[in-house]
Amino acid sequence: MTQEPDALVLEGGSLRCAFTAGILDVFLAFDYRPFTRLIGVSSGAMALSYYTANQPKSFINIARALVDDPGFIDFKSAFSAQGIMNLDYLLKFTNRHHPLDEPEIERRFKDADVRVVATHYEHGTPIYLRPRPGTWQRYLLASATLPFVTRGKVQVEGTWMFDGGYADPIPVREAATRGSERVLVIRTRPAHTRVEQSYLDWFGVYWHRDQPALSALFAQWHAEYNAVADELEAASADPNGPWFQLAPPELLASDGFSVTRADVDADYRLGLEMGMDYLRGRGFIH
C-alpha cells in the first residue's frame, strides 16, 4: 500500500500558483488532507491558506479578477512605495470578495503544524511563522512582499520581513528537519528547470550593498534554489523516497509579469488534471 505524505510544501511563484490552486482544489473535492505539517512560501502560502480553510476556487477567482486589473498590476509603479503589484489592493479585494475563514482553518487543522515562510530583512534568514486566527493576513503579506515588485518589506511583531522565497524557496529540508518522513512538494517550475541570477537579483545585490547579509542573499539565491531542486529531483526518482514532487511538465503559461486571464486559466486547468492523476494513482479516484 502506498504511504501517504505527512507533509505538504508549496513553492511560491506569484500567479504561477494558479497551477498549485488547481491541484489543491482537487484535494479539497476529495477531502484529501493526510498532512500533519504544511509549509507555504509567498503566493504558495496564499494558496495554502484557502486549502486549509476549505475554500475551493478562491485563489483562481482572485487571480482571474486581478490579472488584468491596473489597480493591482502597474509597471509604472516599480519604484514606488507599493511596487508593481499592489498588495494593499489585493488585501482589500480578498477581504471583500474572498475573506479567509480563519476559524475553519483552526477546526480542520488544529493539530497540524502550519507554517508561512518569510525572510528576515536584516539577517536574510528564513522565519517560519505559525499563523493563528487574526495573524494570517499579516503573515501572508510578509511572505509575499518583494522588493521592487511589491511594497518591499512588512513589519510583523516588531521584525521587518519580506518574501520567504529568497531565504527558503522550497522548504522541503525544513519539513524533514521538523520530523516529516514523507513530503509532497508542489512546484511551480518544471522539475528539470534551474534558474540563473535575474536582473532583480542583481539589482538587489547593488541596492543592499550596505547590508552584507541581504546582498549575499540576492547574490546566492539562484544557486541555493538550484541545489534544493537538484536534491528534490534526485529524491523523487525513488518512488518510496522521503520526498516527491508534483511539477508542471513545462514552463507555466503565467511565468512572467505579462500574464493574461487565459494564462492563469490554462495553468489552473493543468493543476486540476495533475491533481486528478495524482489521486487516481493513489486509489482515491476509480
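The values are calculated or read from the model by the stated rules, or taken from the named source; none is laboratory data. Computed from a predicted structure; not experimentally measured. We place every Cβ from the backbone using ideal geometry, glycine too, and count neighbours over all the protein chains shown. What goes into the accessible areas is simple: the full protein's heavy atoms, side chains included, and nothing from ligands, DNA or RNA. Shrake-Rupley method; radii C 1.70, N 1.55, O 1.52, S 1.80 Å.
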Q. Condition test on Tyr268, is it out of contact with any Gly (no Cβ under 7 Å at 6 or more places or on another chain), under 24 Å from Pro5 (Cβ atoms) and touching a residue at least 40 places away in the same chain (Cβ under 8 Å)?
A. no
Q: Identify the single condition in (1) buried (at least 17 other Cβ atoms within 10 Å of the Cβ); (2) more than 20 Å from the chain's Cα centre (by Cα) that Pro239 does not satisfy, given that it satisfies every other one.
A: (1)
Q) Restricted to segment 243-254, and to residues that are surrounded by 17 or more Cβ atoms within 10 Å (Cβ to Cβ) and assigned to a loop (DSSP other than H, G, I, E, B), which residue is farthest from the chain's Cα centre (by Cα)? A) Ala253
Q | Candidate set: segment 169-180, residues that are open to solvent by 20 Å² or more (accessible area, probe 1.4 Å) and assigned to a loop (DSSP other than H, G, I, E, B); chosen: the one nearest to Lys153 (Cα to Cα) | A | Arg178
Q.
On the basis of being under 25 Å from Pro249 (Cβ atoms), touching a residue at least 24 places away in the same chain (Cβ under 8 Å) and in a helix (DSSP H, G or I), does Gly204 make the cut?
A. no
Q.
Tell me the residue from Ala142, Ala118 that is in a helix (DSSP H, G or I), touching a strand residue (DSSP E or B) at 6+ places or on another chain (Cβ under 8 Å) and of a type outside the set (D, E, K, R), please.
A. Ala142
**Q.** Condition broken by Trp160, with the remaining ones in (1) modelled with pLDDT under 95; (2) assigned to a helix (DSSP H, G or I); (3) open to solvent by 20 Å² or more (accessible area, probe 1.4 Å); (4) among the hydrophobic types (A, V, I, L, M, F, W, C) satisfied
**A.** (2)
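For every residue, the table says whether it meets (1) surrounded by fewer than 19 Cβ atoms within 10 Å (Cβ to Cβ); (2) not in a loop (DSSP other than H, G, I, E, B).
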{"residue": "Ala213", "(1), (2)": "yes, yes"}
{"residue": "Ala223", "(1), (2)": "yes, yes"}
{"residue": "Leu232", "(1), (2)": "no, yes"}
{"residue": "Gly256", "(1), (2)": "yes, no"}
{"residue": "Ala262", "(1), (2)": "yes, yes"}
{"residue": "Ala266", "(1), (2)": "yes, yes"}
{"residue": "Gly271", "(1), (2)": "no, yes"}
{"residue": "Arg280", "(1), (2)": "yes, yes"}
Q) So which residues in segment 26-58 are part of a strand (DSSP E or B) and among the basic types (Lys, Arg)? A) Arg37
Q | Residues being open to solvent by 20 Å² or more (accessible area, probe 1.4 Å) and closer than 18 Å to Gln137 by Cβ - total across segment 15-51 | A | 1
